[in-house]
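The values are calculated or read from the model by the stated rules, or taken from the named source; none is laboratory data. Keep in mind the model is a prediction, meaning the values are calculated, not measured. Virtual Cβ from ideal backbone geometry, glycine too; neighbours counted across all protein chains shown. Protein only, heavy atoms only, side chains kept; ligands, DNA and RNA dropped before computing areas. Shrake-Rupley method; radii C 1.70, N 1.55, O 1.52, S 1.80 Å.
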Amino acid sequence: MHFETLAIHAGQAPDPAYGAVMTPIYQTSTFAFRGVGAPGPFDYSRSGNPTRKALEDCLAALEGGSHGFAFATGMAASATVLALFNQGDHLIIHDDLYGGTYRLLTSVVAAKGVSVDFVNLRDLDALRAALRPNTRAVWTETPTNPLMNLLDLAAIAAIARAHGALTICDNTFLSPYFQRPLALGVDIVVHSTTKYINGHSDVVGGAAIVNDAALAERVGFYQNALGTCAGPQDCFLVLRGVKTLPLRMEAHHRNALALAEWLEAHPKVAQVLHPWLPSHPQHALARRQMTGGGGTFSFRVRGGQEDVFRLLSAVRLFTLAESLGGVESLIEHPWTMTHVSMPEEVRRAVGITEELVRISVGIEHLDDLRDDLAQAFQQV
Ligand SMILES: *Cc1c(COP(=O)(O)O)cnc(C)c1O
């Protein structure tokens, strides 16, 4: 079946109790046994819950995987996947990734004796050179935040697989609607469902999807052992959000690309970083690996930090806020907001500078969004 159909129906059939067409919120911690030694399909909600199962099966279908797992947050998903690795294992991590993942790896995972190397995975020779006999996994994120750099997932996964290592991809920025890493050879996809998958900025959640029964058993073991699962109410909300994922992603892509083109021609903009623009240095890879550019991108304002602050203070429709992927448009300043925890010299070295602005383009009318940016640029 097609993606649009799976988004609405996968994992979801009329409820067996009363025929509810929408999956009920099974707000219960425990389930009655059918008899002594005879549990039903669910026994305790940390181990499994029907509302969560519907979401997990739906997300598995959308990513083209066999098994899905829903978590309390995106970080809970990543932490649970990283629990697969033990002292003495070596992980290769792309050096440009979500700040919370960086913190988890450096402050939690590395402190437990897993060795972690940050490598620029746009350079495949650097990946080959970083492989060690005990390398167990390669962690990717593409496009990256906020610079919109891309990684060649098929090439990275092939190199990792030949070495006997897993490839993991954080697919939060594009959602399975625009990029399906499992089909490119990736072993585990993780998501912050907080962003596009839920899409309404009213839940924090996460997910992991795999396409291998043995790997699924291991991830499922850690989900239950660590207790990182999502609650039924949040699963219900994400299930409701995901039904319109295809429609929303098309609208995000359309609005974001139109604004990117408009900004690229704007005299007060020095550079636009958007993978669907022909000016993007990895545009050919974008066209090969993705089916759309998503809704989040960055641009550099001509001038200094004061000009950026004037722009950020003058917007009326865009909200100055962190996060992304909701129906409403947000704007933010990575230098002082999302990326402030990164050391200044690291930010500067990778290109996260004072004049960089990131926007998460929502699904409002394009003219209103463009008018808002146009009036705000008059203050710059
Ligand atoms: C937000 C985000 C996360 C973390 O997800 P939470 O739901 O906030 O825990 C991980 N990766 C990426 C790319 C994100 O944008």
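General remarks:
- The single condition among (1) over 21 Å from the mean Cα position of the chain (by Cα); (2) within 16 Å of the ligand (Cβ to nearest atom); (3) open to solvent by less than 20 Å² (accessible area, probe 1.4 Å) that VAL272 does not meet is (2).
- Inter-residue pairs, beta-carbon under 8 Å, first open to solvent by less than 10 Å² (accessible area, probe 1.4 Å) and in the range 283-297, second assigned to a loop (DSSP other than H, G, I, E, B) and of a type in the set (S, T, N, Q), 6+ apart: MET290/GLN179; THR296/ASN145
- Count of residues meeting criterion [open to solvent by 90 Å² or more (accessible area, probe 1.4 Å) and under 25 Å from ALA208 (Cβ atoms)] in the range 14-52: 5
- Answer residue from the range 53-72, given it is away from the ligand (no atom under 12 Å from the Cβ), outside any loop (DSSP other than H, G, I, E, B) and not aliphatic (A, V, I, L, M) and is most open to solvent (accessible area, probe 1.4 Å) among those: LYS53
- Number of positions in the range 339-380 that are hydroxyl-bearing (Ser, Thr, Tyr) and crowded, with 19+ Cβ neighbours inside 10 Å: 1
- Residue count for the range 220-252 under the criterion of being open to solvent by 30 Å² or more (accessible area, probe 1.4 Å), of a type outside the set (D, E, K, R) and in a helix (DSSP H, G or I): the result is 9.
- Filter pass, ALA207 being open to solvent by less than 70 Å² (accessible area, probe 1.4 Å) and over 21 Å from the mean Cα position of the chain (by Cα): no
- The range 73-120, subset open to solvent by less than 40 Å² (accessible area, probe 1.4 Å) and assigned to a loop (DSSP other than H, G, I, E, B), residue nearest to the ligand (Cβ to nearest atom): LEU97
- The residues listed here are ASP152, ASP117, ASP125; of these, the one that is more than 18 Å from the chain's Cα centre (by Cα), in the same structural domain as ASP187 (by TED's automatic domain parsing), acidic (Asp, Glu) and within 19 Å of ASP170 (Cβ to Cβ) is ASP117.
- When we screen ILE188, ILE156, ILE168, ILE209 for residues that are within 30 Å of VAL272 (Cβ to Cβ) and within 16 Å of the ligand (Cβ to nearest atom), the only hit is ILE168.
- Taken as a whole, the structure leaves SER313 outside the set of residues that are of a type in the set (Gly, Ala, Ser) and buried (at least 21 other Cβ atoms within 10 Å of the Cβ).
- Qualifying position, being within 16 Å of the ligand (Cβ to nearest atom), open to solvent by 20 Å² or more (accessible area, probe 1.4 Å), outside any helix (DSSP H, G or I) and under 27 Å from LEU356 (Cα atoms), among ASN145, ASN149: ASN149
- Qualifying positions in the range 284-312 - on the phi > 0 side of the Ramachandran plot and either modelled with pLDDT under 95 or basic (Lys, Arg) (or both): GLY303
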